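Report on the structure given below.
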Amino acid sequence: MNPTPSVSLLPLPGGRTAWHLDEHYPFQWSHGMSRYRFTIPRGFTFDGASIPWFLPWGRGRLGLVAPLVHDYLIEVGGEVTVDSYRSVNFVVGWHYLGERRFSRRDADRLFFRILRERGVRPRWLRRWAFRFVRMWSLIRGDFY
């Protein structure tokens, strides 16, 4: 599991706040027998889970990793450099895979997967968070 990122709170105009990434954050996930990773650079600023004011039950309960990864993928248009670690067929170690483009749907699904893997409970909370993220993607028309 990915560690919690090192972040600091950054005050914004209008009484809002954002999170500032204090060091590079290598994010990795597994699929089958392979692991994949990309790095979010130090200094990236994100607003955490953007939960409407009228839904206070989700604030602070979704953690920082899922919103960080999702916001980063959205910010860079889904284009990240991915490395792969394979422990199959005697190929062991990290290998450069190159640029990978995540669609908005891929980013939304990864958001849900992170919530599930980090144990966000109750189940309905992570499902509704995912539904709101998908709905916002469809409203904005972000289909890259």
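Any read-out appearing in this document is the output of simple, stated calculations on the displayed coordinates, not a laboratory observation. What you see is a predicted model; the values in this text were computed from it and never measured. We place every Cβ from the backbone using ideal geometry, glycine too, and count neighbours over all the protein chains shown.
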**Prompt:** Rounded to the nearest 500, what is the chain's calculated 222 nm mean residue ellipticity when only DSSP H runs of at least 4 contribute -39500 (n - 2.57) each, over all residues?
**Reply:** -9500 deg cm²/dmol
**Rule-of-thumb Rg ratio for the chain [Cα; 2.2 N^0.38 Å; N residues]** = 1.09
**Request:** List, in order, the whole-Hz ³J(HN,Hα) value for each residue of the range 8-14 obtained from phi through the Karplus relation with A = 6.51, B = -1.76, C = 1.60 and θ = phi - 60°; use x for Gly and Pro.
**Result:** 10, 7, 10, x, 10, x, x
**Prompt:** So between residue 138 and residue 105, what do we pick up on full extension, going 0.36 nm a residue minus the alpha carbon distance?
**Reply:** 10.9 nm
**Dipole moment magnitude, nearest 20 debye, the chain about Cα centre, only Lys, Arg, Asp, Glu C-beta charged** = 760 debye
**Prompt:** How long is the gain from residue 6 to residue 47 if the chain were fully straight, where each residue apart is worth 0.36 nm and the alpha carbon distance is subtracted?
**Reply:** 13.3 nm
**Message:** Run the numbers for residue 36 and residue 96: contour at 0.36 nm per residue of separation, minus the present Cα-Cα distance, in nm.
**Reply:** 20.6 nm
**Item:** Cβ-defined net charge surrounding residue 7, 11 Å radius [Lys, Arg +1; Asp, Glu -1]
**Value:** -1
